[in-house]
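Remarks on the structure that follows.
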Amino acid sequence: MHFHFANSSQSKIDSNRVLNELSKSGRINEARKLFDKMPERDEFTWNTLIAAYATSGKLTEAIQLFKETPIKSSITWNLLISGYCLHGMETEAFHLFSRMQFEGQRPNQYTMGSILRLCSTLGLLQRGKQVHGYVIKTQFESNDYVVTGLVDMYAKCNCILEAEYLFKMMPNKRNHVMWTAMVAGYSQNGEAFKAIECYRDMVVEGVASNQFTFPSVLTACAAVQARNFGTQVHSFIVRSGFEANVFVQSALIDMYAKCRDLDSALIVLENMEVDDVVSWNSMLVGCVRQGCEEEALSLFRKMHARDMKLGNFTYPSVLNCFASTKDMNNAMSVHCLIIKTGFEAYKLVNNALVDMYAKQGNMDCAFLVFNHMPNKDVVSWTSLVTGYARNNHHEEALKLFCDMRLAGIHPDHVVLASALSACAELTVLELGQQVHADFVKSGLQSSTSVDNSLVTMYAKCGCIDDASRVFDSMQIRDAVTWTALIVGYARNGKGKDSVRFYDQMIASGTKPDYITFIGLLFACSHAGLLKRGRLYFASMEKEYGIKPGPEHYACMIDLLGRSGKLVEAEMLLNEMDVEPDATVWKALLAACRVQGNLELGERAAKNLFELESKNAVPYIMLSNMYSAAGKWEDAARIRRTMKWKGISKEPGCSWIEVNSRVHTFMSEDRGHSRTTEIYSKIDEIMVLIKEAGYEADISFALHNMDKEGKELGLAYHSEKLAVAFGLLSLPRGAPVRIFKNLRVCGDCHTAMKYISRVFHRHIILRDSNCFHHFKGGQCSCGDYW
């Protein structure tokens, strides 16, 4: 391009016009060449090129030109400050703002507006307050342009009350920009109803809305699912001519989707002239949230077919679909697409992949994705820890949680709840207490999910008093909270307390659920509360519309069996609305064992042989019933059948934790390093408890041998070895906590009562059924074990 100049004022005007056109079109290099060749330059010339450099981000060139300009008016200063503000350069912008005043130039409303926009964008509240002070000092507080900037700044810095105050102080100077800033401020600060009310007032005052107002009020409608008002706003949008605006259409789709009106959302989406990925993502998320996985996957396929730019918000949504549908093949295909499109480096996408694989139960793939992530945040760790916990890999979950803490990642509520759940399942009390301490020290606000997990953890570890203390400290309790405590008391042999808390739960207005009644009926069964158990069972469907499941029938059959009402138990089983499963037949078989009803026990066992052909428990129970009845040949026949079918009995073992180390014992075990001391302690225990009145119940010695041999075999059961080791190793007066993989035998149960009295110890024994708290010669189960 060639430039020719004449010695006239018209030539300068023409040159400035061309310079302005070049600058505004982004042809800055050509503009600079023209600028350098101009023989005469006025203030407009200099300001035009400074503005071009500042707006395009070439701030070094802009500041150099600023230094060279002979005339530095407030406009010149403002152009440079605006450039720094536009590009988020806080220090430089405020330095120029101060320097401008120092050199005698008074900032105008546009300078204030630029500085306030910078504060809004970067969330610079303290800087914004300083500017507000300057606004008052320089009497700009009634300038609608500046006040609009202040309203926007305070709203975006989460000071909505200050924004509201300033807005109300300008009743006669509110233009559409100020109204929009206030509506957006309410919406962004979680004040959806105020945003809707503000928009309604705006319409009443006849102020026109625009493409910035509508998305803000629609976001507020979505937040509180105000679909009817959102539909009215949609009508305003059509009448105002903004129905084709992409931002407005995207907000409409999001509003309808969040208000569970997918049909209306889809109509807006289909009427869009351009394929906007944000709008499609909103529709996709809406489908996922409402459980419409197939529709969501169909949308994703269309997006891919239309060659839309799939982003790091699209992939997490579609991966969430696969977490629900368990469609591993298509999930793998999307994973391949993620790698192909280069999104495997995005943390948000990787977190979604870990979560998806974990929810599908594929922990190997979940770990591989996690392990290859260069940067892991708390969500990454939480997804994997929670995945391990949900898939019953509790040890891996806790190991990973410890690795997370060592990596310096601060836990959130979700991962703490998962870690506590894993501690509960493994009954590792010490680690559970450490996680509890971690939560307290973290400074995180109280969380119902964490508190519920704490109640469950302490209850499952046999610390029901600690569980109760957590419960008492909770400000918000839901059905899960009450159920956790009810089940906890039931499992810890305090059925009457379970019933008491159930009554409190009903009085509080909290409705019981399916699980609540399992815990409640279990409590009645183990506390011998037959009348109450019948009432609760009848109330399930009659009062709460909860259809009893196999677990509830199993508890009722167990309750009736323990109460000696086997005929009624059999009648209930025959009248079941659902097909009896193994849980029900096991309950009947256990009841028959307690009552010595061999005939009905045989029927229950035979059904279990069909339902769980490889489960050794029914074979062992029936064999033991034969042995107890003196039918040694029948007992031997059952054991031969087990051997022929390749069914092996799970060996009974007990374990105890001492000084953070777990010590495991089998029956007649002699593999411990302190075996001699343990067996010597057993001999001492047996002498002392026999003196106190203990007599061995040889009916639980299920081998055909003489009385002395049977008594000796009973003395060396795994739980007795564990308690002997506990008495040797634990400080005087400390509780002895023992865990057993099978149910405690009747003789050991009796012996533990005597040991607790003779040695003045609180013995806590958790078997496969419940906790037994032995104290002063009594058991918490009331002998309904």
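The values are calculated or read from the model by the stated rules, or taken from the named source; none is laboratory data. Since the structure is predicted, the reported quantities are computational estimates derived from the model, not experimental observations. Virtual Cβ from ideal backbone geometry, glycine too; neighbours counted across all protein chains shown. Note: accessible area is taken over every heavy atom of the protein model, side chains too, but ligands, DNA and RNA are not part of it. Shrake-Rupley method; radii C 1.70, N 1.55, O 1.52, S 1.80 Å.
Overview of results
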{"quantity": "Accessible surface of the stretch 503-574 [probe 1.4 Å, protein heavy atoms]: carbon and sulfur percent", "calculated": "56"}
{"quantity": "Charge dipole magnitude, Cβ of K and R +1, D and E -1 - the stretch 39-147, Cα centre, debye nearest 20", "calculated": "300"}
{"quantity": "Computed [θ] at 222 nm, helices only, for the chain once each DSSP H run of length n ≥ 4 contributes -39500 (n - 2.57)", "calculated": "-21500 deg cm²/dmol"}
{"quantity": "Cα centroid of the stretch 408-423 to Cα centroid of the stretch 569-594, whole Å", "calculated": "39"}
{"quantity": "Globularity index of the stretch 640-679, i.e. its alpha-carbon radius of gyration over 2.2 N^0.38 Å", "calculated": "1.65"}
{"quantity": "Protection-proxy order for peptides 464-471, 259-266, 339-346, each taking the mean of Cβ atoms within 10 Å per residue, highest first", "calculated": "464-471, 259-266, 339-346"}
{"quantity": "Paired Rg and Dmax values of the stretch 65-143, which use every Cα atom, in angstrom", "calculated": "12.1, 36"}
{"quantity": "Sequence-distant residues sharing a close amide H with Arg766 (under 5 Å, placed H)", "calculated": "Ile738, Phe739, Lys740, His772"}
{"quantity": "Extension gain, Glu602 back to Trp644 (0.36 nm per residue minus Cα-Cα distance, nm)", "calculated": "13.2 nm"}
{"quantity": "Spherically averaged projected area of the stretch 246-335 from its Cα convex hull (nm²)", "calculated": "5.2"}
{"quantity": "Accessible area expressed per residue, the stretch 477-590, with surrounding protein chains retained (probe 1.4 Å, Å²)", "calculated": "41"}
{"quantity": "With eigenvalues of the C-alpha gyration tensor scaled by 5 and rooted, the stretch 174-272, Å", "calculated": "20, 15, 10"}
{"quantity": "Fraction of antiparallel bridges per DSSP, the stretch 653-779 only, in percent to nearest 5", "calculated": "80"}
{"quantity": "For the stretch 753-762, 3J(HN,Hα) per residue [Karplus equation, 6.51 cos²θ - 1.76 cosθ + 1.60, θ = phi - 60°, Hz, x = Gly/Pro]", "calculated": "4, 5, 4, 4, 7, 5, 9, 6, 10, 8"}
{"quantity": "Highest average packing first - 428-438, 57-67, Cβ atoms within 10 Å", "calculated": "428-438, 57-67"}
{"quantity": "All lysines inside 19 Å of Lys649 as judged from Cα atoms, apart from same-chain residues fewer than 8 positions distant", "calculated": "Lys586, Lys606, Lys614, Lys740"}
{"quantity": "Å² per residue, accessible surface of the stretch 174-272 at 1.4 Å", "calculated": "46"}
{"quantity": "Packing-based ranking, highest mean first, of 375-385, 223-233 given that Cβ atoms within 10 Å are counted", "calculated": "375-385, 223-233"}
{"quantity": "Accessible area expressed per residue, the stretch 653-779, with surrounding protein chains retained (probe 1.4 Å, Å²)", "calculated": "47"}
{"quantity": "23 Å Cα-Cα reach of Lys347 towards lysines, excluding residues that sit fewer than 8 places from it in its own chain", "calculated": "Lys309, Lys326, Lys359, Lys376, Lys399"}
{"quantity": "Carbon + sulfur, % of accessible area of the stretch 1-150 - ligands and nucleic acids excluded, 1.4 Å", "calculated": "51"}
{"quantity": "Surface share of carbon and sulfur [accessible, 1.4 angstrom probe, percent] for the stretch 248-345", "calculated": "50"}
{"quantity": "Vicinal HN-Hα couplings computed from phi for the stretch 305-314 (Karplus, 6.51 cos²θ - 1.76 cosθ + 1.60; Hz; Gly/Pro x)", "calculated": "5, 7, 6, 6, 7, 6, x, 6, 9, 6"}
{"quantity": "The stretch 17-96: Cα Rg divided by the 2.2 N^0.38 Å rule of thumb", "calculated": "1.02"}
{"quantity": "Per residue convex hull volume, Cα atoms of the stretch 653-779, in Å³", "calculated": "100"}
{"quantity": "Mean-position separation - Cα centroids, the stretch 209-263 and the stretch 72-150, in angstrom", "calculated": "34"}
{"quantity": "Listed residue pairs exceeding 28 Å between alpha carbons, taken from Lys460/Lys720; Lys681/Lys710; Lys24/Lys67; Lys156/Lys302", "calculated": "Lys156/Lys302"}
{"quantity": "Electrostatic dipole magnitude of the chain [Cβ: Lys, Arg +1; Asp, Glu -1; Cα centre; debye, to 20]", "calculated": "900"}
